[in-house]
Structures are given as C-alpha cells and as structure tokens.
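In what follows, a single structure is set out as structure tokens and then discussed.
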2 protein chains.
Amino acid sequence: MSKLVIVGTVAFDAIETPFGKTDKILGGAATFIGLAASQFNTDTAIVSIVGGDFPQKYLDLLSKKSIDISGVELVKEGKTFFWSGKYHNDMNSRDTLITELNVLADFKPIVPNAYRDAEIVMLGNLHPLTQLSVLNQMSKTPKLVVLDTMNFWMNSALEDLKNVISRVNVITINDEEARQLTGEFSLVAAARKIHGMGPKYVVIKKGEHGALLFHDENVFYAPALPLEEVFDPTGAGDTFAGGFVGYIASTGDTSFENMKNAVIYGSTLASFCVEKFGTERMQNLTKSEIHKRLVQFKQLTQFEIELS
Amino acid sequence: MSKLVIVGTVAFDAIETPFGKTDKILGGAATFIGLAASQFNTDTAIVSIVGGDFPQKYLDLLSKKSIDISGVELVKEGKTFFWSGKYHNDMNSRDTLITELNVLADFKPIVPNAYRDAEIVMLGNLHPLTQLSVLNQMSKTPKLVVLDTMNFWMNSALEDLKNVISRVNVITINDEEARQLTGEFSLVAAARKIHGMGPKYVVIKKGEHGALLFHDENVFYAPALPLEEVFDPTGAGDTFAGGFVGYIASTGDTSFENMKNAVIYGSTLASFCVEKFGTERMQNLTKSEIHKRLVQFKQLTQFEIELS
C-alpha cells in the first residue's frame, strides 16, 4: 500500500448544463482526484486550502473515504475558492462565468510530515510554483510524480510551468493544450516534444474520444465509454487522473504495461463521474459497479485476431 | 472463399493537401474498397462504369489484384467520373472543388451473372436507387449486405436512402452523418435509431478518433492508429469498408465477435491508405506490413486487467 499525496483545489462549483443547474456544490481538482483514488487500496492525503464557509460535512465526506485531510488548511476568515461555468449544448466546450480565487490566492501548501516520504505524488491543476513547492517538500524522490495542468498556465506562467514539467514522470494534458504547449498539431509529434521537456510518460486526454498514453515510441489508447448522455463533464479529467494514480499507488507498479491498466481504470471512473452533477456519482460509487464497467471496457476494446 | 460484389465509383481524383497536390489520379470508392478487400482470400468483383479516357493500366492494376472487372462498363464516348478536393490544414475537413459526374450520370449497374449469388455485397457510396438496383439483381439473399453512404444523399434522396438502409445488415457512416440522419447528438442514441431503420450492425466512423461498431446493446471501439502525419485522407473511409468486407468474406463469419476483428482490419488498412496520395500506398502494400501494423494495434489496445 503506497502513500499518495494529492495537491489541488478543494472548492465550490456552480454548474449549468443543458440538463439543469446547481447552487454551490462540492468541487475542486483534489476533491475529484481524491474520491477516484479512494476506490483503491492506498494511503491517500490531500493538500489543499478552504475558507471558513466550507461545510464540515464535505470534509467529513473525504475523511469517511479514508482520505487524510490534515494537509487541508482551514482559513476561518477566508472564503473557499469558487468556480462557476456553463456548458454548451455539445458538452465539449464551456464558458467560465465566475472565478473567485479567495483563499487560493495565498495558498502555500504544506505537506504533512507523515506524507513527505510518499511514493506517489499527484500535482493537480494549480499555479506551477505551487506545484513545485510540494515537490520541494518531499523528503525523498517519489517513485512517480504525475502533473496535471491547463492552458491558463501556458498563457500566464510558461517558464514556471516548463520548470515543473521538467521534474515530473507523467503529465496529463488535453489535446488542445498539448498542441498549444508544443506548437504541433499531430498528437504523436506533440507527445514526442513533451517527452523532450522531461516527462517519460505523456497522457493526452481527448474527452469523449478517450485518452492516449505515450512512452517513447509506445502508444496505448483507452477509449471513453460511449455514453447515451453526458450529464455533467465537470471533474472528468481529474477523476481520470485520480483513477490513474490510485491504481498505480495500489499496485506499486510504475511500468508502462501497468500504466495501460491505470489508464483504463481512469477512463472507467471518469465514465461514472459524468453521469451526475459534480461529485454526486463518485460519492456513492461501489466496487461492484466499477467491476461491471471494467467488463464493458474489455468488451469494448478486446479482440481475438491471432498473430503468428 | 466467399464471393464479394462491390458497387461504387471507379474514378479520377485530383487532390490538394498541405503536403502537395496531384493531377488526375486513380480514385473512386469501389477502387479503394476493392484494393483493400484484395488483401484477403476472396473472389471479388467490382461493378462500376468508366469513360473512354480511363487508362487501361488502371484496369490492369485491378485485374492484377485478382479483382474481377467484367462488371466495369466502359463507355468509349464518355468521360470518367471526376472529383477534385482540397483539404484544410487540420486534414479533418475539405472543400470539393470539382464534381463532374460524366458517365456516372447514367450509370445502370449490371452485376455479372457469375456474381449474382455472392454471399457478401458492398454498396459503396452512390445514389440509393443505384445501390438498390444491385440488391435487386442478386439471385439469392446475400449473407451480408454492407452499405456506405453520405450526407449528400440525406439532403437529396432521403426516402430512397431510407429504403436501401432498410434492406442492409451493416451501415457505415461517419459521426456527423449519423447525427444528421437521426437528429441525435449522442452516437449511442443515433446508433439505436439507425438499428430501428433496419441495419442490425452500425459502424460509425470518427476519422482520426477511430470507429465504433454497434449491435443492439453491444459496442466495440477500434481506434485509428495515432499517426505522426496524415498525408492524404482521401479513400480512408472506403479502405476501412474494404478491409471490413474483405475480412468478413475471407472468413465467412458474420458474427459480432468476428466483426470486431473486421473493424480492426479496416482501421489497419485505412492507416496505410492515408500515408500517400490516393491509392499509391494501397497498390504496393504487403502482407508483412499489415501483420506488423496489426501487432501495433494489439499493443495500442490490449490490456491485462484480470476480472474475476
């Protein structure tokens, strides 16, 4: 059982989709990552920050999933990070309506002492310098560091971002961001350029079209499960990352072959996440539901051509 | 060894891509389908029409691939169907520059007597009434009829198209066309509606994102091989269809499990087609190259999660 440290936002989201809208509900990258990772046999801690307005019941929810929250700083006089967005009809694009950084503006993450020797570190989407400060607190080199980021940091903090990219083993990034980061349209060419920036493993997320895992000249492809209806895509990418690191942490195996399985677990968990608003589906997800969906993934992808 | 009848265009194409442009070269749906199917152990015939301007060497090329061309009508005083198009930089969209129907305008396909009992019929993209006339010439009900079509016929001959759709076992269609035909955005919902129109098997082609095979509640997903460079997408969809029907014809097995393999063979052959202009790559493709790429497809998609 490996230790897994997740740094990222624990936040409020307000979401509008063609199917409805929510008030402020539980959100944040670290929340989605943690809930997904909690499906695996790991010793997981979240490092984050919330304000005095953050309900205790949300923190209790994470604790009940056996997630250590001693690294979640509570700023009583502050307000919790808040994001609000509206999805277009095709669910592939969205407008950000509100971003209130609040306590996140001065977030200085502190990794609890008990987790400074964690084997696996997941750097959720945050300012690259914040991500770096977590890496610098580790008492030994982690076995695997996974980075998630987004185009916002490419536009506003590219040099810092390149610095943190150079120090991680795995990067997860979506297709448009991979193109922006590298100036390459072909995802094969983009992945090669990103390899050159540091990460030996590059995961390119393509939303409803699945995800690609690149490692040198090797490629693995995990489709997204074809769904009748995507109810709310919020958190799907983080849930994917959480499934990925959770599986790696529980197996302790960072080989490319095992990462293929990790990508399938990530896709499987993400396929649940989008079925309801926010974290709702992930809160009550059972092992037997996951097992059933893994069977579907096998049927979806496995074939029997015999090659001599 | 099953008999396979392919109806479709044998034509001239002139293609412009970001990588260069061609004069009039060999093209046409039936040409691409036939060249792909010729990789398998089948007794294949093309039913089509060409004009007096069509070079004998192109016909010889098809014959050398053991394709029966007795059903390719030669109209000496006529001109061959000609299409010209220009691809945009992303290679996912194109503008049609020229469409000259020429001899195709009066095409009345005649299936050679020796092929009227064919087990497998591939209806390449043509006017739905032309496709229907081929079906009506068959002396017994084929084991499998596969239909390819496009949005043009949805706009101009929808009732005829629905008629032919109701008489086939498999339809291949791209994602946007599936949405247009059904009014459903979700491809799962679109496939279900198309099932209701007749075909028990629905293949939805998503270009660089691969292809989905639907059969009742079962889905299979074949990715496209991630390529560094797509040189010319012309004919990729037809090559996919040709690999699909060629494999089915050579195995004689029309089960869903075997169709999974057929979809993989279709994707594999299509991944070669786009490497050079027009049919160039398909003309010289070897069995050993195909074998190597099938190994790549296995590495790309197969994983080892044990499910009890």
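The values are calculated or read from the model by the stated rules, or taken from the named source; none is laboratory data. Remember, it's a predicted structure, so these values are computed and weren't measured experimentally. Cβ sites come from the backbone with ideal geometry, for glycine too, and all protein chains shown count toward neighbours.
Please identify the pairs in which a residue from region B:76-95 that is within 14 Å of another protein chain (Cβ to nearest Cβ) has its Cβ atom under 7 Å from the Cβ atom of a residue that is aromatic (F, W, Y), counting only partners at least 6 apart or on another chain.
B:D90/A:F185
I'd like the full set of residues that are farther than 20 Å from A:K206 by Cα and more than 14 Å from chain B (Cβ to nearest Cβ), limited to region A:247-275.
A:A249, A:G252, A:T254
Of everything in region B:12-38, what is farther than 28 Å from B:V164 by Cα and outside any strand (DSSP E or B)? Give them in sequence order.
B:P18, B:F19, B:T22, B:D23, B:K24, listed by residue number.
Looking at region A:112-131 only, could you name the residues that are hydrophobic (A, V, I, L, M, F, W, C) and surrounded by fewer than 22 Cβ atoms within 10 Å (Cβ to Cβ)?
Hits for region A:112-131 are A:A114, A:L129.
Could you please let me know if A:D232 is on the phi > 0 side of the Ramachandran plot and either of a type outside the set (A, V, I, L, M) or more than 8 Å from every other protein chain (Cβ to nearest Cβ) (or both)?
It is false that A:D232 is on the phi > 0 side of the Ramachandran plot and either of a type outside the set (A, V, I, L, M) or more than 8 Å from every other protein chain (Cβ to nearest Cβ) (or both).
Would it be correct to say that A:I165 is within 15 Å of the chain's Cα centre (by Cα) and free of Cβ contacts under 8 Å to residues at least 60 places away in the same chain?
no
Looking at (1) in contact with a helix residue (DSSP H, G or I) (Cβ under 7 Å, 6 or more places away or on another chain); (2) at positive phi, which one does A:M91 not meet, given that it meets all the others?
So the condition that A:M91 fails would be (1).
What are the residues in region A:78-112 that are farther than 24 Å from A:L129 by Cβ and in a loop (DSSP other than H, G, I, E, B), if any?
A:H88, A:N89, A:D90, A:M91, A:N92, A:S93, listed by residue number.
Just give me the residues in region B:172-189 being assigned to a helix (DSSP H, G or I), farther than 21 Å from A:A222 by Cα and of a type in the set (D, E), in sequence order. It would help to see each step written out before you state the result.
Our first condition is that a residue be assigned to a helix (DSSP H, G or I); within region B:172-189, this holds for B:175-182, B:187-189.
With farther than 21 Å from A:A222 by Cα added as a condition, the list becomes B:176-182, B:189.
Of everything in region B:172-189, those that are assigned to a helix (DSSP H, G or I), farther than 21 Å from A:A222 by Cα and of a type in the set (D, E) turn out to be B:E176, B:E177.
Tally the residues that are within 23 Å of B:P109 (Cβ to Cβ), of a type in the set (V, I, T) and more than 12 Å from the chain's Cα centre (by Cα), restricting the search to region B:1-47.
The total comes to 6.
Can you pull out the residues in region A:169-193 that are surrounded by fewer than 24 Cβ atoms within 10 Å (Cβ to Cβ) and within 18 Å of A:M122 (Cα to Cα)?
Within region A:169-193, A:N169, A:N174 qualify.
Pick from region B:238-258 the residues that are buried (at least 24 other Cβ atoms within 10 Å of the Cβ) and of a type in the set (A, V, I, L, M, F, W, C): which of them is farthest from B:N174 (Cα to Cα)? Before the answer, list the steps.
If we filter region B:238-258 for residues that are buried (at least 24 other Cβ atoms within 10 Å of the Cβ), which is where we start, we get B:238-249.
Next, from what is left, pick out any that are of a type in the set (A, V, I, L, M, F, W, C): B:240-241, B:244-245, B:248-249.
Working: B:F240: 12, B:A241: 12, B:F244: 15, B:V245: 17, B:I248: 21, B:A249: 23 Å.
Step by step, filter region B:238-258, then rank; the result is B:A249.
In contact (Cβ under 8 Å) with a residue 24 or more places away in the chain, hydroxyl-bearing (S, T, Y) and assigned to a strand (DSSP E or B), is that true of A:T9?
no
What number of residues in region A:117-164 are more than 20 Å from A:V10 (Cβ to Cβ) and either of a type in the set (S, T, N, Q) or in a loop (DSSP other than H, G, I, E, B) (or both)?
14
Quick check, is A:L300 more than 9 Å from every other protein chain (Cβ to nearest Cβ), over 14 Å from the mean Cα position of the chain (by Cα) and either closer than 30 Å to A:A11 by Cβ or in contact (Cβ under 8 Å) with a residue 60 or more places away in the chain (or both)?
So A:L300 fails the test.
Please find, within region B:75-111, the residue that is surrounded by the fewest Cβ atoms within 10 Å (Cβ to Cβ) out of those that are within 21 Å of B:P55 (Cα to Cα) and among the basic types (K, R).
B:K76
For region A:190-221, give me the residue count where each residue is in a strand (DSSP E or B) and either within 30 Å of A:I25 (Cα to Cα) or more than 9 Å from chain B (Cβ to nearest Cβ) (or both).
Initial filter on region A:190-221 (in a strand (DSSP E or B)): A:201-205, A:211-215, A:218-221.
Now restrict to residues that are either within 30 Å of A:I25 (Cα to Cα) or more than 9 Å from chain B (Cβ to nearest Cβ) (or both): A:201-205, A:211, A:213, A:215.
The qualifying residues number 8.
Can you confirm whether A:V295 is surrounded by 16 or more Cβ atoms within 10 Å (Cβ to Cβ) and not basic (K, R)?
no
Looking at region A:214-235 only, could you name the residues that are within 28 Å of A:F12 (Cβ to Cβ), modelled with pLDDT under 95 and either over 17 Å from the mean Cα position of the chain (by Cα) or small (G, A, S) (or both)?
Once the filter is applied, which keeps residues that are within 28 Å of A:F12 (Cβ to Cβ), modelled with pLDDT under 95 and either over 17 Å from the mean Cα position of the chain (by Cα) or small (G, A, S) (or both), region A:214-235 yields A:A224, A:L227, A:E229, A:V230, A:F231.
Considering B:F185, B:F152, which residue is more than 15 Å from the chain's Cα centre (by Cα), within 14 Å of chain A (Cβ to nearest Cβ), under 18 Å from B:K205 (Cβ atoms) and free of Cβ contacts under 8 Å to residues at least 12 places away in the same chain?
B:F185
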